[in-house]
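Input: a single structure, listed below in C-alpha cells.
The values are calculated or read from the model by the stated rules, or taken from the named source; none is laboratory data. What you are looking at is a predicted structure, and each value in this text was computed from that prediction instead of being measured. Because the Cβ atoms are built from the backbone with ideal geometry, glycine has one as well, and the counts that use them run over all protein chains shown.
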Amino acid sequence: MGHMATTDLAPLTPDKVMPGGTSHEQSILQLADFDEVVRLYRPRIFRFLMSSMGDRDVAESLTQDCFLKAYNARNQFRGESSLSTWLTRIALNLVRDHLRSRRIRFWQKTRDSALDLVDIADWIPDGGVTPEISCLQQEKVKEVWSAVEELSRQQRTVFLLRFVEEMELSEIAETTGMNTSTVKSHLYRALRVVRERVGGQ
Amino acid sequence: MNRFLNSKHDISDAAITDASLEPSGEVAESIALFRAAMHSVAMHSVAKHSMEARETAQPVASVVANDWLQPARHRQRHHQRTTILAWSSAMACAAALSFAIVPRALQTHTAAHNDPVHVAAQPQSEASYTALLEQVDNEIAEPVPSSLAPLTELDSWNSTGSTTPTENKNVTQ
C-alpha cells in the first residue's frame with residue numbers, strides 16, 4: 001500500500017494528439033454520424049459533468065443539453081480542436097451556466113440524486129482484494145472526493161480534466177480557454193490540497 | 001477556505017515543475033482509485049439511463065430522432081419561452097412606467113418653467129445678457145442738458161486720451 005506509485009496518465013507534453021489517434025478530418029466525418037458521437041462520448045461527458053456537479057440527474061440533463069447543443073451547432077465544427085475537446089468545452093459552459101442559475105435560484109434545495117461520499121467509494125472496481133484493503137481504498141477515495149469538493153471551481157475543473165478525464169495540459173488549456181501556465185498553477189494548487197487531505201506528502 | 005489556501009502560499013511559476021504536477025506514492029494511488037470509482041459510477045449511470053430510455057422509447061434506432069435528446073429539446077424550448085416572456089414582461093413594465101411617469105414629469109417641468117422665480121433664477125446666456133443690457137441702456141438714455149455738455153466732452157476726453165496718473169491729476173485740478 002505504501003509503495004511508490006505513479007498515475008498512468010498521458011505525458012505532460014504540449015503537443016496535441018487527438019484521442020484515439022483520430023485526425024481532424026476524421027473528427028468531422030465522425031460528427032456526421034451523430035448517434036455514433038453520442039455513443040462514443042456520452043460516458044465521458046456524463047462522467048465529467050457528474051464529477052463537476054456532484055449530482056447524477058443534473059449530470060444526465062446537462063449531458064443531453066450538451067449533445068443537443070453540439071447537434072445544433074454541428075455545422076459550425078471545423079475540426080480545429082478534437083471532438084472530445086469541443087464537447088467538453090460545451091459541457092464546461094453548461095456547468096458554468098447551471099451554477100450561475102443555481103446561485104440565482106438559491107432557495108431551491110439540492111436533490112436526492114446528489115452524489116454521496118459513500119456512493120462513490122462503493123464503486124471501486126473489485127480487484128479481488130481483502131475486505132480490509134477494500135475498506136482502506138474506500139477511505140482514500142472519500143478523502144480525494146472531499147478534497148475535490150473543497151477546491152475552487154477552476155481548480156476542480158482542471159483537476160478533474162487532468163486526473164479523471166486524463167487530458168493533457170494543452171488540451172485542458174484549449175478546453176477551458178486558459179493559458180497553459182494558468183492551468184499548471186490551478187493544477188498545482190489543487191494537487192497541494194489533495195496532498196494535504198490525503199496526507200501522502 | 002479556498003481563497004485562504006490560495007493566498008496562504010503564493011506560487012511562482014518557477015516552483016511549478018512537471019514533476020510537481022505528477023502525484024506520486026499514496027496520493028497517486030488514491031487518485032487512481034478515485035478515477036476508477038468515477039468511471040464505474042458513470043458507466044453504471046449511463047447504462048441505467050440507456051436501459052430506461054430503451055424501455056420507454058419507440059423502437060427507433062436513432063438517438064437523435066427518437067428521444068434521448070427530447071427532454072433537452074423541451075428544456076430548450078421552455079427556456080426560450082421563459083426568456084421571451086420575461087423580456088416581454090420587462091418591456092411592458094417599462095412601457096407602463098414611462099406612460100405613468102413621463103406625462104407627470106413633463107407637467108412638472110412646464111410648471112417649473114412658468115414659475116417667475118424659476119425664470120429669474122435661470123442662468124442667462126451671455127448673448128441674451130448683453131442684449132438685455134443694451135435694452136436697459138436704451139430705455140434709460142436721455143439727452144444731456146446743454147449746461148452739462150462740457151462735462152461729457154471731458155468724460156470722452158478722459159476715456160479716449162492718455163490716463164497716466166499725472167494727467168488725471170491735472171484734469172481733476
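Select from the range A:31-55 the residues that are among the aromatic types (Phe, Trp, Tyr) and buried (at least 24 other Cβ atoms within 10 Å of the Cβ) and write down the one among them that is farthest from residue A:72 (Cα to Cα). Walk me through how you get there before you give the answer.
In the first step, residues of the range A:31-55 are kept if they are among the aromatic types (Phe, Trp, Tyr); the result is A:34, A:41, A:46, A:48.
Within this subset, residues satisfying the condition of being buried (at least 24 other Cβ atoms within 10 Å of the Cβ) are A:46, A:48.
Details: A:46: 19, A:48: 21 Å.
Per the stated criteria, the residue is A:48.
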- Item | Which numbered condition residue A:122 fails, given (1) over 30 Å from residue A:180 (Cα atoms); (2) modelled with pLDDT of 85 or more | (2)
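Considering each residue of the range A:48-63, count those that are under 17 Å from residue A:142 (Cα atoms) and either at pLDDT below 85 or touching a His at 6+ places or on another chain (Cβ under 6 Å) (or both), and give that number.
Residues meeting the conditions: 2.
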- Query: Are there any pairs, at least 6 apart or on different chains, whose C-beta atoms fall under 6 Å, with the first in the range B:24-46 and free of Cβ contacts under 8 Å to residues at least 12 places away in the same chain and the second among the hydroxyl-bearing types (Ser, Thr, Tyr) and in a helix (DSSP H, G or I), and if so, which?
  - Reply: B:38/A:51
- Query: Which residue out of B:88, B:7 is more than 8 Å from every other protein chain (Cβ to nearest Cβ), modelled with pLDDT under 80 and in a helix (DSSP H, G or I)?
  - Reply: B:7
- Query: Quick one: in the range B:41-51, which of the residues that are among the small types (Gly, Ala, Ser) and under 50 Å from the mean Cα position of the chain (by Cα) is nearest to the other protein chains (Cβ to nearest Cβ)?
  - Reply: B:42
- Task: Could you list all residues from the range A:159-174 that are within 17 Å of residue A:50 (Cβ to Cβ) and either buried (at least 20 other Cβ atoms within 10 Å of the Cβ) or touching a His at 6+ places or on another chain (Cβ under 7 Å) (or both)?
- Result: A:159, A:160, A:161, A:162, A:163, A:164, A:165, A:167
- Checked the range A:170-201 for anything more than 8 Å from chain B (Cβ to nearest Cβ) and of a type in the set (A, V, I, L, M); matches are A:172, A:173, A:178, A:183, A:190
- Task: Go through the residues of the range B:48-69 one by one and say whether even a single one is modelled with pLDDT under 80 and closer than 30 Å to residue A:195 by Cβ.
- Result: no
- Item | Selection status of residue A:112, surrounded by fewer than 12 Cβ atoms within 10 Å (Cβ to Cβ) and at pLDDT 70 or above | no
- Message: Please go through (1) assigned to a helix (DSSP H, G or I); (2) at pLDDT 80 or above for residue A:81 and return the number of the only condition it doesn't satisfy.
- Response: (1)
- Item | Residue that is surrounded by the fewest Cβ atoms within 10 Å (Cβ to Cβ) [pool: residues in the range A:175-201 that are within 14 Å of the chain's Cα centre (by Cα) and farther than 16 Å from residue B:18 by Cα] | A:176
